[in-house]
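This report concerns only the one structure given below.
The values are calculated or read from the model by the stated rules, or taken from the named source; none is laboratory data. On a predicted model such as this, the values are computed, not experimentally measured, just so you know. As a convention, Cβ positions derive from the backbone with ideal geometry for all residues, glycine included, and neighbour counts pool all protein chains shown. Surface areas here come from the heavy atoms of the whole protein model, side chains and all, with no ligands, DNA or RNA. Shrake-Rupley method; radii C 1.70, N 1.55, O 1.52, S 1.80 Å.
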Amino acid sequence: MLIVMHHSATDKDVEKVKNTIRDMGLKPVAIPGAERTAVGIIGNQSWIDDGPIRTLKGILEIIHVTKPYKLVSRDFHPSDSVIRLSRDVKIGGRSPFLIIAGPCAIESREQIFKTARFLKKLGVPVLRGGAYKPRTSPHSFQGLREVGIEILDEVRKEVGVLVATEVMSPEQVELTASRADILQIGARNMQNFDLLREVGRTKKPVILKRGLSATVEEWLASAEYILLEGNPDVILCERGIRTFETATRNTSDLSVIPLVAESCHLPVIFDPSHATGKRSLVSPLSLASVVVGAHGLMVEVHPDPEHALSDGPQSLTFKGFEKLKQQMDALLEFMKTKLADR
Ligand code: PEP
Ligand code: MN
């Protein structure tokens, strides 16, 4: 249940609501929002009789939520969330379509600076690059880890780009949050609940990738963990799911982009690189994501994909990325035009 307080409700009114919930043997959580304060009840499994609460002062609305998430739902926050990534870069709602691009992994200072300068020249605001890499085999390149985080910090300061990078465990969050602009939770960690709580305690926007076999409900429940800790800035990222099909690395589930938007106010982006695993499919799927309503794209680009230490086959070359960028510009322009009248 979610108790939405009137904007004129006082701290005393909120306290009274919380105490009444405690008297009912339940656990209240106050959720201060930009638009209004709400008090959520967590841990309850069944229907709650709102009788003792209904008559209290300062209450605007009581919402009975039966889903495993509340704060991410449009019941609580009807309008689209817009997340500010910097003074002039935003994502969500009607903000301009955002491209996040860069290599799968930070491999060297030279590789990441080269990519950052290339993207900066094209006006791409966010550079991605993993320092902590979740690899299927322990024999594969594991990332430059803390050294990679320091390189990322240098590149962000020297080139003037925002940087997004993955955290794999709660212990990595403090250092990474002090150096990066955006934290990424990878597909394999979508249900690492302690990690979700830890990024929820930071003030950095979080890209939450959908788990390899996660349902939409599980994905949104994971986002809820982050919001519950006080961080409202979650960007959902669809990156393909496991199915019987092996012709592509994953099966792109573009349907979730408009589906999620029906019940959830958070921005959703698409990762065509991991969704397909195949360079030639990255551009067509990127374009499709715009049409189904994605707020942005996270795409892997490498100066020399043939020699990349991870995900080379799905990484665009600089030339390929430039072409995609032109196609995206043309499509976004085209979508502003109307259908011709007869
Ligand atoms: C990545 O972004 O490089 C990555 C590891 O992605 P995912 O978690 O979606 O597999
Ligand atoms: Mn990758």
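Some points to look at:
- All C-alpha pair distances within the chain, sorted into 20 Å bins from zero, spread as 30, 53, 16, 0 percent across the bins.
- Expected 222 nm ellipticity per residue - DSSP helices of 4 or more, -39500 (n - 2.57), all of the chain, to 500: -10500 deg cm²/dmol
- Stretching the chain fully between D23 and E150 yields a gain of 40.7 nm (0.36 nm per residue, less the alpha carbon separation).
- Of the cross-linked pairs K114/K203; K278/K319; K209/K319; K114/K204; K133/K278; K133/K157, those separated by over 18 Å at the C-alpha level are K114/K203; K209/K319; K114/K204; K133/K278; K133/K157.
- Mean Cβ count within 10 Å, highest first, over the residues of peptides 211-219, 101-109, 314-322: 101-109, 314-322, 211-219
- Amide proton proximity set for K27, modelled H, under 5 Å, gap of 5+: I42
- Among L162, L228, L324: highest mean-square fluctuation, GNM of the chain, C-alpha pairs under 10 Å: L324
- Across the chain, the relative contact order, built from alpha-carbon pairs under 8 Å that are at least six residues apart, equals 15 percent.
- Charge tally for S108 (other residues, Cβ to Cβ under 13 Å; Lys, Arg +1; Asp, Glu -1): -3.
- For the stretch 104-173, the Cβ-based charge dipole about the Cα centre amounts to some 340 debye (Lys, Arg positive; Asp, Glu negative; other atoms uncharged).
- Dipole of the stretch 203-342, positive end: most advanced residue of C237, G320, V282 [Cβ charges, Cα centre]: G320
- Charge dipole (debye, nearest 20) of the chain; +1 at Cβ of Lys and Arg, -1 at Cβ of Asp and Glu: 520
- Think of each Lys and Arg Cβ as +1 and each Asp and Glu Cβ as -1; about the Cα centre, that makes the dipole of the stretch 2-63 roughly 120 debye.
- FRET efficiency, I42 to K319 (Cβ-Cβ, R0 51 Å, nearest 0.05): 0.50
- Percent antiparallel among DSSP beta bridges (both partners in the chain, rounded to 5): 40
- For the stretch 122-161 versus the stretch 264-289, the gap between their alpha-carbon centres in whole angstrom: 20
- Spatially proximal aspartates and glutamates relative to K57 (Cα-Cα < 18 Å; intrachain offsets below 8 disregarded): D11, D13, E15, D23, D49
- Residues considered: Q111, Q326, Q172. Largest GNM mean-square fluctuation over the chain, using C-alpha springs under 10 Å, is found at Q326.
- Per residue, the accessible area of the chain comes to 48 Å², computed with a 1.4 Å probe over protein heavy atoms only.
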